[in-house]
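Computed from the coordinates by the stated procedures, all read-outs in this text should not be read as laboratory data. No experiment lies behind these values; they were computed from the predicted model shown. Don't worry about glycine lacking a Cβ; one is built from the backbone with ideal geometry, like all the others, and counts go over all protein chains shown.
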Amino acid sequence: MYDPQALVAAIREKALKFGDFTLASGKKATYYLDGKQVTLDAECARLIAEGILDLLAEDMPEAVGGMSIGADPITAAVVTMSALRGTPLRGFMVRKEPKGHGTNRFIEGPVEPGQRAVIVEDVVTTGGSSLKAIERVEEFGMQVAGVIAIVDRLEGGREAFQSRGYRLRALLTIRDFGIEPPPD
């Protein structure tokens, strides 16, 4: 069962760092959420997967996935937990670059064009990484039904997705940690 307070406590203990950081978006920040500290932790991965599956319950897609490597452990946890719940999903990875041999594809996994997919992400700031994943997934021929993040930093990602017709849902926002986003 998903317990948001347990996830907040785990992220606070294992993944939330304070200092001076440059984020993947290029933005400067006084805190950093190191998502891999929780997505690669067994109990946290279970909590995350349960929360994501709860969000998906009313409109279950056929597949979940996102940009490698950040989304890979989230995808694996959700796919595994979906099988345990009796609602199996397919997982996929979006490569930053095609591997240059074999199928030479950006999308890897047991998915097919025409399937509905949700993009998963650990932390959303501006949404750039997930928007790139959406582009690749749609080029492949899948239909993107939205994005789910573990934490929304409330720094423009939601608006970036909305402006392109996608819905962002998050298990938590930065406010759940007592942090206010910077003013616009």
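Only Lys, Arg, Asp and Glu carry charge here, each on its Cβ (+1 for the first two, -1 for the last two); on that basis segment 7-48 has a dipole of about 140 debye about its Cα centre.
How much of the DSSP beta bridge set in segment 4-177 is antiparallel, as a percent to the nearest 5? Please list the in-between numbers first.
Values: 7 of 28 bridges.
Antiparallel: roughly 25 percent of the beta bridges in segment 4-177.
Treating the beta-carbon of each Lys and Arg as +1 and of each Asp and Glu as -1, no other charges, what is the dipole magnitude of the chain about its Cα centre, to the nearest 20 debye? Present the calculation step by step, with values, prior to reporting the outcome.
Numbers: 22 positive and 26 negative charges, 75 e Å.
So the dipole magnitude of the chain works out to roughly 360 debye.
Full extension from Asp54 to Glu180: what is 0.36 nm times the residue separation minus their Cα-Cα distance, to one decimal in nm?
Values: separation 126, 0.36 × 126 = 45.36 nm, distance 2.62 nm.
Extending this stretch completely gives an extra 42.7 nm.
If you take the beta carbon distance between Glu112 and Gln162 as r and set R0 to 35 Å, what does 1/(1 + (r/R0)^6) give as a FRET efficiency, to the nearest 0.05? Walk me through the intermediate numbers first.
Values: r = 28 Å, r/R0 = 0.80.
In this case the efficiency is close to 0.80.
Using the Cβ of Ala170 as centre and a radius below 10 Å, the other residues enclosed give a net charge of 0, where K and R count +1 and D and E count -1. Electrostatic tally near Ala133: other residues with Cβ closer than 14 Å to its Cβ, Lys and Arg +1, Asp and Glu -1, net -2.
Normalised by the number of residues in the chain, the mean separation of alpha-carbon contacts (under 8 Å, six or more apart) gives a relative contact order of 17 percent.
Over the chain, DSSP H runs of length four or greater, each weighted -39,500 (n - 2.57), average out per residue to a 222 nm ellipticity of -10000 deg cm²/dmol.
Around the Cα centre of segment 62-139, unit charges on the Cβ atoms of Lys, Arg, Asp and Glu (plus for the first two, minus for the last two) sum to a dipole of about 120 debye.
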